[in-house]
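Just below is one structure, and these are the notes that go with it.
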Amino acid sequence: MPNTQSRWNPKTLNHRFWILAVSLSIATGKGIAPALPALQKAFSDYLATMINLLTTIPQIPALIVLLFSGQLANRFGIKKVISTGILLMAVTGVLPSVLTNFWLIFATRLLFGVGIGLVNSLAITLIDFVYEGDNQAQMLGNRSAFEPIGLTLVNLSVGALLAVSWQVSFLAYALLFIVWWGFIQVVPEYQPRQKLAHADSDRVTQHEHPKYLLPIIGSAVYCGLLTVGMSIVNVYTPYLVLAHHLGGSMTSSVIITVYTLTSMVMGFLFGTFFHFLHRYIFLFGLFFMGVGAVFFYFARGLTTLTLSVIVVGLSYPMAGTYLFDTIANRIPQRMAGLANSILLVGCNAGTALAPAVVAFLNVLGPKSALDSGIRLYGELMLLLLLLTVLLMWWSRKKGVSKIS
């Protein structure tokens, strides 16, 4: 890999971009969602749930691998691990374009998830180590904006390439080869231990671990619940478009693109909103997820469906970014990698299990309603918002902040 250390300056726009560009790859696993109806026709012998898993199943291996990504970065270097993950996603992303066996395609999606796991937490950890203070908060907000940018590019490409065939649509993942090349050319190797080795004040005793782990695990639960809503938009939009005769695959791609662009803009504006709202930005995020999911369920036209995904799109860049930024500033730096990994376990679990969560909630909802679990999910998020407000009030009364 090129030796770029002598030219490295993380404050320059070019170097900021390629640090953030890593996050372009992270959310692209869901980018194949517009092709799901075509895949169901091509593999009609398989259950619809199995076809839907092609979108969310990469999060399972990602969840496992990201737990070890920090140790791999310490041993081999963060640049080598991230670049390997991006390259693995690029190769396994385009492989289904030449495959016709469902289980081989399923296997490539699992390997795609391994690549996500190698990159996911390290993309955040790299920012935590390189930037500080308001600069760190803004970069984390920008990073959350770059995820939907990558997803948008893949979604639009998939929608356009579906005009040829469902196989050709997988070529949309060729975008990741560009990300891989730019990253290895610009970003130098970086060893987290070099920054942490002399930080005696950051050492965490075994007795102190529970004090830090409790807020980390709580934040991970919130992250998981939020990403369920994000996956609902990505997985179920194509079906709602077809069920209500609103258009075809390109219509689905455009609606999902509007959603991801909303997330992108909110991510870029996170620093500004956080400056004025502080911890209350988290409550706004929960509110938008609950209301957006309920509206999404009742949407019957293009306008209402688009408005509902816009509302959902505002949610995670507010609440999710707040959680990552707050945890990064509440714990010792030596625990940053572990904290990011635990939060991302929550994110990946929520994404992977979203169809199963909706299916389970469907059982609890009205039997005559289609996918009533989506509405119930939104109502539960609004209930969670109320419980969170009470928790924040109680914490303030006790003089101990649990969330901020």
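Hey, can you find the accessible area per residue of the chain for me, probe 1.4 Å, expressed in square angstrom?
42
Defining a contact as two alpha carbons under 8 Å apart and six or more residues distant in sequence, what relative contact order in percent does the range 247-400 show?
With pairs under 8 Å counted, the relative contact order is 29 percent.
Once you charge only the Cβ atoms, +1 for Lys and Arg and -1 for Asp and Glu, what is the size of the charge dipole of the chain about its Cα centre, to the nearest 20 debye?
500
Can you give the calculated 222 nm mean residue ellipticity of the chain, where each DSSP H run of n ≥ 4 adds -39,500 (n - 2.57) and the sum is split over every residue, rounded to the nearest 500 deg cm²/dmol?
Calculated from helices alone, the mean residue ellipticity at 222 nm is -26000 deg cm²/dmol.
Looking at the chain, how many pairs of lysines come closer than 26 Å at the Cα, when each pair is eight or more places apart or spans two chains?
Value for the chain: 12.
Taking the highest mean first, how do the peptides 95-103, 285-293 order by number of other beta carbon atoms within 10 angstrom per residue?
Those peptides, ordered most packed to least, come out 285-293, 95-103.
Ordered by packing density, taken as the mean number of other Cβ atoms within 10 Å over each peptide's residues, highest first, how do 271-283, 221-233 rank?
Ranking the peptides 271-283, 221-233 by packing returns 221-233, 271-283.
Using mean Cβ contacts within 10 Å as the protection proxy, how do 154-165, 28-39 order, highest first?
Final packing ranking: 28-39, 154-165.
Just want to confirm a number: the relative contact order over the chain, from Cα pairs under 8 angstrom separated by 6+ residues, in percent.
23
The values are calculated or read from the model by the stated rules, or taken from the named source; none is laboratory data. As the structure is a computational prediction, the values presented were derived from the model and not from experiment. For neighbour counting, all protein chains shown are included, and Cβ atoms are generated from backbone atoms with ideal geometry for every residue, glycine included. In case anyone asks, the SASA skips ligands and DNA or RNA and just uses the protein heavy atoms, side chains included. Shrake-Rupley method; radii C 1.70, N 1.55, O 1.52, S 1.80 Å.
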